[in-house]
1. At 1.4 Å probe size, with every protein chain present, just tell me what the per residue accessible area of the chain comes to in Å².
2. Evaluate the charge dipole of the stretch 319-405 about its Cα centre and quote only its size in Debye, nearest 20, assuming +1 on the Cβ of each Lys and Arg and -1 on the Cβ of each Asp and Glu.
3. If you put +1 on each Lys and Arg Cβ and -1 on each Asp and Glu Cβ, how big is the dipole of the chain around its Cα centre, in Debye rounded to 20?
4. Grab the DSSP H runs of the chain that are 4 residues or longer, score each as -39,500 (n - 2.57), total them, divide by all residues and round the 222 nm result to the nearest 500 deg cm²/dmol.
5. What helices in the chain pass both tests, a Cα length along the helix axis of 18 Å or more and a mean Kyte hydropathy of 0.5 or higher, using whole DSSP H runs?
6. For Arg89, Arg128, what's the largest-to-smallest order of accessible area, 1.4 Å probe?
7. For the stretch 81-226, build the charge dipole from Cβ charges (+1 Lys, Arg; -1 Asp, Glu) around the Cα centre, then report which of Gly83, Gln145, Gly163 sits farthest towards its positive end.
8. Apply the a/c threshold of 1.5 to the C-alpha gyration tensor of the stretch 47-103 and tell me whether it is rounded, prolate or oblate.
Amino acid sequence: MTRSAVNPPSRVRRWSGAGVIGALVVALTAGAATGARAAGPLPPPNAQALRASIAGLPNAQLTSAVVLVDGADGRWSGTSGSGDLATGRPVAADGRFRIGSISKVFTATVVLQLAAEHRLDLDGTVQRYLPGTLPASYPPITVRQLLNHTSGLPTGGDFGDDGSAQWFVDHRTESWTPQQVVADAVSHPMQFAPGTAQQYNGVNYFLAGLLIERVTGRSYAQEVNQRILRPLGLSRTSVPAADDTRLPHPTAHAYLTLDVPDGSTEQADVTEQSPWPWAEGGLLSSAPDLDHFLTALLGGRLLPPAQQAELFAVPDVPNFQNPNCAIGPAEGRACFSTGLMRFTAPDGTVLWGKTGSRPGYSSGVFATRDGGRDVVYSLTPTNRDGASFAAQYGIVAAAFDLAGH
């Protein structure tokens, strides 16, 4: 397993993807029913099960949780733990958190809108739109292959990151430009021929952000604001500048546990940190905003039908060295579409969504394809590995009344 999304793209892919859900599902599937769940409306949100899924906080692994379940059958919102270990303030259900690679869904949506406007072609190449960015020795790579992680691009280095909590605490305000990230990655050979396999890779979305800027002549932040945030009224979602370490009105402060020389531990507050992952993983948002965004996206409010279909088009290719797609009956095959991830629960329920992580924050959004129910959650784990499989799956299972939860 790779490290959390603070790291450059080779380390970003795990928590920014869906390994937190997938690995546990594989274990659960062995003992679960194999038949598909009967079609029909879900029961109202189970408040007791949802409260139990986030009970007992803070503990050594998690200091807080925010959960929002919404849909045609009802709405439930809950919090647990401490919003600030120093002051004891409560968790803010409508506060902001670092959404990590849920940012990719915003990025993919903008690219799909540009495709709908005929300002770019999903089958056009990166080499066409970003000349000179990739080595001349690389084969043609299409925009669609960036968005669905079948590009075969290398994943990049670690910029000196040793994976420890102490390293992040010491370097949390540092940043790297998208150009530096891409240049570091493409100093290595391709991993596989484009279109022949799928490997979740943050480099793809740094390139997608650069493509948006090249095609529009405007900044990535301007395009996200104009196309998504303002039309939907997402006032607590933003694309911060790389040197803006603030997190206004957080759901909760984030902490990492550090070992100290006397053998004890201490908690380092990492709420303020660089959002340098940018179009790949740098956005800030809130549970109500992500709920509204996902409902609008799945409801067809942001994309025409042809581009909407891309959200659910999972390529039929092998999974390449990626634990994120080790899920149920499709284990070993691709599970990511354009911006989203397909998750099939042991009882046959199919969900679409995304997970994301930054040090101190692990979050996720999942919904039924028709948007009839969705869940948004944000947890504050105290280690670089992020929130545990069980913690995140437990919330999703309770939200969708999955069998065996």
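The values are calculated or read from the model by the stated rules, or taken from the named source; none is laboratory data. Model, not experiment: these values are computed from the prediction. A quick note on method: Cβ atoms are made from the backbone with ideal geometry, for glycine too, and the neighbour counts reach across all protein chains shown. Areas reflect the complete protein model, heavy atoms only, side chains present, ligands, DNA and RNA absent. Shrake-Rupley method; radii C 1.70, N 1.55, O 1.52, S 1.80 Å.
1. Values: 14500 Å² over 405 residues.
I get 36 Å² per residue for the chain.
2. Working: 7 positive and 6 negative charges, 55 e Å.
Charge dipole, the stretch 319-405, about its Cα centre: 260 debye, nearest 20.
3. Numbers: 29 positive and 33 negative charges, 159 e Å.
My answer is approximately 760 debye.
4. Estimated from H runs of four or more residues: -8000 deg cm²/dmol.
5. On the way: long enough: 103-116 (20 Å, 1.34); 203-216 (20 Å, 1.07).
Long hydrophobic helices here: 103-116, 203-216.
6. On the way: Arg89 70, Arg128 150 Å².
Heavy-atom accessible area, descending, gives Arg128, Arg89.
7. Highest projection toward the positive end goes to Gln145.
8. It is oblate, given that a/c is not under 1.5 and a/b is not larger than b/c.
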